[in-house]
Amino acid sequence: MIELPTLPAPANDANADAIAAPSGAKSSNAGSPRPARKPQAKSTRRRSRELALQGLYQWLVSGADGSEIEAHIREQEGFDKCDRVHFDALLHGGIAEAATLDAVLARHVDRRTSELSPVEHGVLMIGTYELTHCIDIPYRVVINEAVELAKSFGGTDGHKYVNGVLDKAASDLRPVEVKARNAARRAG
């Protein structure tokens, strides 16, 4: 069995403020302590997305076989806490439809998808797959979940890039839903 690359560890929330604010920038709550957040349990679907991202990352970096990647991920602690059907759809669907997903993404990215960081590329593949195939998940939820993955595992501003690309892709893939939401926002 070959050694598969692993996804970088999630960013530490304690460093989030230091990363988000450039040096010298003033925060609106400067000097006031940040209230401690109560850790929330991750949903089974969120866990599925995280594990699928890890699998897609491994596939993008190593080119390993999907079934080998899946076997590796299934051995990991916490796999039993994911939605296995959703995980399988995201991982295997993402690999099987990579060329189609990249064609959709190519219309909205500023460079070839092969030049994207493997983390952001994997997140965008998951988001595009869900926009295309998981119609039961509202498009804003798909985008938000992808942004959260990018915040946890991606580069400093990768989540902003993911948000912009998937927002544009949603307009192509779910035009009726996007138009209805925009009309409701203008009316309300």
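The values are calculated or read from the model by the stated rules, or taken from the named source; none is laboratory data. These figures come from a predicted structure and were not determined experimentally. FYI the Cβ positions are ideal-geometry reconstructions off the backbone, even for glycines, and counts take in every protein chain you see. Side chains are part of the model used for accessible areas, which takes the heavy atoms of the whole protein and leaves out ligands, DNA and RNA. Shrake-Rupley method; radii C 1.70, N 1.55, O 1.52, S 1.80 Å.
A few remarks follow.
- The label point for Asn182 and the one for Arg74, both projected 7 Å from the Cα toward the Cβ, are 4.4 nm apart.
- For the stretch 127-160 versus the stretch 161-177, the gap between their alpha-carbon centres in whole angstrom: 10 Å
- Accessible area of the stretch 77-188 belonging to carbon and sulfur atoms, whole % at 1.4 Å probe: 51 percent
- Expressed in units of 2.2 N^0.38 Å, where N is the residue count, the Cα radius of gyration of the stretch 64-188 is 1.10.
- Peptides 52-59, 63-70 ranked from most to least packed by the mean count of surrounding Cβ atoms within 10 Å: 52-59, 63-70.
- Here the 3J(HN,Hα) profile of the stretch 56-72, calculated from phi with Karplus coefficients 6.51, -1.76 and 1.60 at θ = phi - 60°, is 5, 4, 4, 5, 5, 7, 9, x, 4, 5, x, 5, 5, 5, 4, 4, 5 Hz, Gly and Pro shown as x.
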